[in-house]
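Trainee: Starting off with a structure, shown below.
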Amino acid sequence: MTEIVLTIDGKEVKAKAGMTVLQAAQQEGIHIPTLCHHEKLEAFGGCRLCMVEVEARGWTSYVVSCVYPVAKDIVVRTRSEKVDKIRKVLVEELMAHAPDSPELIRMAEEYGADRDRFERSASFCIVCGLCVRYCNEVKQKNAVGFIDNGARREISFIPEVARKECWDCQECFAICPTSYAQAAYLLTEALAFPGQRKEAVKVKKAPKPKRVIPIMPAPVTT
Amino acid sequence: MPKLQSAAELEKFRAELLAKRDPAKPCIAVCAGAACDGMDSAAVAAAFLAEAATQKLDGKLEIRTTGCHGYCEKGPNVVVTPGDICYFEVQPTDVPEIIAATLKGEVVERLVYKDPATGAKAVHMSEVPFYKHQTRLLIGDNPKIDPMRIDDYFAVGGYAGLVKALTTMTPEQVLAEVKKANLRGRGGGGFPAGSKWETTRNAPEKTKYVIVNGHEGESAAFMDRAMLTGNPHKILEGLIIGAYAIGAQKGFMYTRHDMPLLEKHVRQALAQATEYGLLGENILGSGFNFECELHFDVGIFVSGESSALMRSIEGNAPEPRPKYIRTSVNGIWDKPSNLNNVETWANVPQIISKGAEWFTSIGSEKSKGTKLISLSGNVVNSGIVEVPMGTPLRTLVFDIGGGVRDGKTLKAIHFGGAMGGSIPADLIDAPLDFDGMSKLGAPIGAGGLLLMDEDTDMIEVARYLMDFLVNESCGKCVPCREGMQQMLQILTRLTEGQGRKGDLELLEDLIEVTGVASLCALGKTSGDPLKSMFRYFKPEYESRIVSSAGGSDNK
Amino acid sequence: MSEQNIDGIIEKYRGQPGSLIHALVEIQHENHWLPREVMHKVADALQVPFAQVMQIASFYKAFSLTPKGRHEVHVCTGMTCHLRGAARLRSKVEEVTGLKDGETDADSRFTYETGACLGSCSIGPELIVDGKHYGRMTPEKVEDVLKQYE
């Protein structure tokens, strides 16, 4: 595979053709924050937190590093006044939904985001799509999907599928940055098929009960 | 009708057609464009046909239902030839009088145009102020064509461009001509069509597609629908020429699902073109094969965005892709796909038949040709107009548009719908030009020009536009989905008198971040109307904060 | 019978996941809404996950996931209509029908929707009932127009 040489944060990086800027940075141990990114999933480009500044052929542009392919001689900056501002405001927008998400709190500290800048909204979901895409691409069960559009977009567990698949899996619960996926599943179960989730096959010994990941307690803030 | 299998056969057919048509025979053309149709022009057309049948006038008088003439404000519109006599606000009860006058070669005085100030009458189209200041290269044929009859298109010289391209030019020559003409996209991007064609042509994949974007989601832009409904063959001809130049074998016409007449006319055009051998295999004996399908949107604005539109044609949700994945290389099913707007395609036949040099003689230095403008808002003469690029806005607003309704003064002019901008009345002498208008902060967009009078609340306009976009967001990316929602909340509070100190600064931050970080043009340009408001109308915004309840002291 | 027609539409697109939107558009046109069982049938026949059918059906506003009324009442909220007073027209229609955007009344008489720009800007503001245009509307004329529709 051809080698591509680019610069990231002043460092010369040798990447392989076909890599994204994010992959090249990670290879060098350069940290770029992400939220909707997951190694097992196709790049989504939804959260925009991994945006970086790219200078190529005399033009400066802002691109999402999880999607943007490495190219010869581009100069990438993972931090700058503009990049930091973008991340700060995006985190503030997301914290209107999920002010207690550990990942968001960490980023808020790094970028000086004010968790109270925007009025609290009723939904904890930040529509990162990790659960939907994981269930679609990795588990291939499609038990949870997106519905509606724009600010009304939500995740929705399909009861007909969820009752058969979710209890034995629960893998999306752990990847959810706000713990909403687990809550959404439990609510769907309670409303649509209470007490009717598919149980694990009965064996002579009672099976070890599945561990439900507890919802993170609200961090102590001054 | 046997297929036309060569240029010679087509020209012979055309000559025979014209020989059978008597230019002196009177013809009454009734407009069935969207507004006229909404004013029941169908009843007018039916009345003409009924009266002509009763009087047994077949052979002495032709009645024709056409697409949009352009003077929507004064519909139902009727144009009588010879003479291009224009009658306005025609009702079924006027029909016997019009027929009688037409057969005698006379004019029905009470139905012609009257100047609102002086009362002076204008009978012929070339005298009517609305029409006389226009250069109607594209829409001028509409009153002469019944869209259900391909023969009408032949009669006005249709498909001559295709003949010239397929039988006397190579694909490379066609491409070169379009590049030389500097035809820029008319859908809002203003991107050079020739360059896009070239990228698609040069993409390594053999399977290529061409697409007509007839979605026209921009609010108050209605010229694409008028062209596609009124003269679908012109767009089809442009598409076939483009496909030949690019090397595409299949085309898609993508349009809205909510216009039955549009669907009927386009389906008929595709069927007749196929019947005559202008679509299908070995077109006009050139060896070029091309077929075209019709697709519909499902009622959302974002599906007018080119990459989202392609997802929609594939059967997926219309989620746009970032622009650095160029659809001219990876489009529908990842094949090179060249998408252009209806009006862009409509320009192609004339560029080929009359040449790029002729085309570049019209317009300004960097914006060539004419532009269709949907003139509306608080304007006296609303409708669809066509003027050369470089025309001062003053001509559009006053000479053609007749100024502001109800005797009010002009406050602002808005271009580009929800992703455009407003400029104040004192910039009225600016020329209609892609780059010039962009610099002023009111990019032409698709060409919807709205007049706003002195009573317009600019904050309310910004709120309204943001509300429109919020509904149309696909929801994939955070800056658009969340940022626009926050901007809408602030603007709503402002219109309700609940402005707070710091609101304008917050809006500016949101405009900046949403503009840079959004995935597609919808989010990226969502803050543009506000930007123009801040540039030209900031005092109005500032005074709204000060006069709000929480104005001077709240957070 | 509607159900037969729906099955016919589904059969036409069996095994063609790329035709999901076409199938749903035809069913919506035929049936005026998309019942959940029908969406499951579509998912099975077209080999598309139900979650995707649900996403498409809820994303696009041309689809209705609830039964519609006998008459579709539409107020244009495009920019020109807005500048010419569509907001007041909307309020009046909402008052007379008792409905908010997207709702159907309990008697299934009216479904009320708003949406932008149908291209007849010169006759704005407009009320469109079952495809018939009532242009240059004023709030005062609303009751008389809607009275005609049972």
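The values are calculated or read from the model by the stated rules, or taken from the named source; none is laboratory data. Note that this is a predicted model, so its numbers are computed, not measured. Heads up, the Cβs are rebuilt from the backbone with ideal geometry, glycines too, and the neighbour counts pull from every protein chain shown.
Trainee: What tally of residues in segment B:270-296 results from selecting those that are out of contact with any His (no Cβ under 9 Å at 6 or more places or on another chain) and within 14 Å of chain C (Cβ to nearest Cβ)?
Mentor: 2
Trainee: Turning to a different aspect of this structure: Is it true that some residue in segment A:141-159 is charged (D, E, K, R), away from chain C (no Cβ under 11 Å) and part of a helix (DSSP H, G or I)?
Mentor: For segment A:141-159, residues charged (D, E, K, R), away from chain C (no Cβ under 11 Å) and part of a helix (DSSP H, G or I): absent.
Trainee: Considering only residues that are part of a strand (DSSP E or B), farther than 13 Å from residue C:91 by Cα and more than 9 Å from chain B (Cβ to nearest Cβ), which ones fall in segment C:122-131?
Mentor: Residue satisfying the conditions is C:129 alone.
Trainee: Sticking with this structure for a sec: Just the residues that are among the basic types (Lys, Arg), surrounded by fewer than 18 Cβ atoms within 10 Å (Cβ to Cβ) and more than 18 Å from the chain's Cα centre (by Cα), please, taken from segment A:118-146.
Mentor: A:120
Trainee: Among the numbered conditions (1) within 13 Å of the chain's Cα centre (by Cα); (2) free of Cβ contacts under 8 Å to residues at least 40 places away in the same chain; (3) within 14 Å of another protein chain (Cβ to nearest Cβ), tell me where residue C:103 comes up short.
Mentor: (3)
Trainee: Next question, about the same structure. Hey, among the residues in segment B:23-69 that are touching a residue at least 60 places away in the same chain (Cβ under 8 Å) and part of a loop (DSSP other than H, G, I, E, B), which one's farthest from the other protein chains (Cβ to nearest Cβ)?
Mentor: The selected residue is B:26.
Trainee: Filter segment B:235-269 for residues that are buried (at least 23 other Cβ atoms within 10 Å of the Cβ), part of a helix (DSSP H, G or I) and within 12 Å of chain C (Cβ to nearest Cβ) and give the result.
Mentor: Hit for segment B:235-269 is B:262, nothing else.
Trainee: Additional query: Just to verify a result, which residue in segment B:327-349, among those that are more than 14 Å from every other protein chain (Cβ to nearest Cβ) and more than 28 Å from residue C:120 (Cα to Cα), is surrounded by the fewest Cβ atoms within 10 Å (Cβ to Cβ)?
Mentor: The residue in question is B:328.
Trainee: Looking at residue C:113, is it on the phi < 0 side of the Ramachandran plot and within 12 Å of chain B (Cβ to nearest Cβ)?
Mentor: Answer is yes for this residue.
Trainee: What is the one condition in (1) away from chain A (no Cβ under 14 Å); (2) surrounded by fewer than 15 Cβ atoms within 10 Å (Cβ to Cβ) that residue C:9 does not satisfy?
Mentor: Against the list (1) away from chain A (no Cβ under 14 Å); (2) surrounded by fewer than 15 Cβ atoms within 10 Å (Cβ to Cβ), residue C:9 comes up short only on (2).
Trainee: Identify all residues within segment B:77-99 that are more than 21 Å from residue B:54 (Cα to Cα) and touching a strand residue (DSSP E or B) at 6+ places or on another chain (Cβ under 9 Å); write none if there are none.
Mentor: Across segment B:77-99, the qualifying residues are B:77, B:79, B:81, B:82, B:83, B:84, B:85, B:86, B:87, B:88.
Trainee: Right, something else. Under 7 Å by Cβ, and 6 or more places apart or on different chains, what pairs join a residue from segment C:22-44 that is away from every other protein chain (no Cβ under 13 Å) with one that is among the aliphatic types (A, V, I, L, M) and outside any helix (DSSP H, G or I)?
Mentor: As it stands, the answer is C:33/C:65, since those pairs meet every condition given.
Trainee: From the list A:91, A:21, exactly one residue is surrounded by 17 or more Cβ atoms within 10 Å (Cβ to Cβ), under 30 Å from residue A:118 (Cβ atoms) and at the interface with another protein chain (Cβ under 10 Å from one of its Cβ atoms). Which is it?
Mentor: Exactly one residue qualifies, and that residue is A:91.
Trainee: Can you tell which of B:475, B:497 is more than 14 Å from chain A (Cβ to nearest Cβ), on the phi > 0 side of the Ramachandran plot and not in a helix (DSSP H, G or I)?
Mentor: Step by step, each of B:475, B:497 is checked, and only B:497 is more than 14 Å from chain A (Cβ to nearest Cβ), on the phi > 0 side of the Ramachandran plot and not in a helix (DSSP H, G or I).
Trainee: Here's something else I'd like to know. Is there any pair with a first residue in segment B:108-131 that is over 23 Å from residue B:95 (Cα atoms) and a second that is in a loop (DSSP other than H, G, I, E, B) and not acidic (Asp, Glu) whose Cβ atoms are under 7 Å apart and which are 6 or more apart or on different chains, and what are they?
Mentor: Taking only residues 6 or more apart or on different chains, the pairs are B:130/B:71; B:130/B:381; B:131/B:125.
Trainee: So which residues in segment A:119-135 are within 9 Å of another protein chain (Cβ to nearest Cβ) and either under 20 Å from residue A:179 (Cβ atoms) or at pLDDT 95 or above (or both)?
Mentor: A:121, A:126, A:127, A:128, A:129, A:132, A:135
Trainee: Does segment A:81-103 hold any residues that are part of a helix (DSSP H, G or I), of a type in the set (A, V, I, L, M, F, W, C) and in contact with a helix residue (DSSP H, G or I) (Cβ under 9 Å, 6 or more places away or on another chain), and which are they?
Mentor: Once the filter is applied, which keeps residues that are part of a helix (DSSP H, G or I), of a type in the set (A, V, I, L, M, F, W, C) and in contact with a helix residue (DSSP H, G or I) (Cβ under 9 Å, 6 or more places away or on another chain), segment A:81-103 yields A:86, A:89, A:90, A:91, A:94, A:95.
Trainee: Given the residues C:114, C:66, C:138, C:77, which is the only one that is crowded, with 22+ Cβ neighbours inside 10 Å, of a type in the set (Val, Ile, Thr) and either farther than 30 Å from residue C:27 by Cβ or outside the structural domain of residue C:33 (by TED's automatic domain parsing) (or both)?
Mentor: Sole residue among the options that is crowded, with 22+ Cβ neighbours inside 10 Å, of a type in the set (Val, Ile, Thr) and either farther than 30 Å from residue C:27 by Cβ or outside the structural domain of residue C:33 (by TED's automatic domain parsing) (or both): C:77.
Trainee: Could you list, in sequence order, all residues of segment C:23-40 that are closer than 19 Å to residue A:147 by Cα and surrounded by fewer than 18 Cβ atoms within 10 Å (Cβ to Cβ)?
Mentor: C:33, C:35, C:36, C:37, C:40
Trainee: Quick test for you: out of B:443, B:431, pick the one residue that is touching a strand residue (DSSP E or B) at 6+ places or on another chain (Cβ under 8 Å) and either within 14 Å of chain A (Cβ to nearest Cβ) or surrounded by fewer than 18 Cβ atoms within 10 Å (Cβ to Cβ) (or both).
Mentor: Testing whether each residue is touching a strand residue (DSSP E or B) at 6+ places or on another chain (Cβ under 8 Å) and either within 14 Å of chain A (Cβ to nearest Cβ) or surrounded by fewer than 18 Cβ atoms within 10 Å (Cβ to Cβ) (or both) leaves just B:431.
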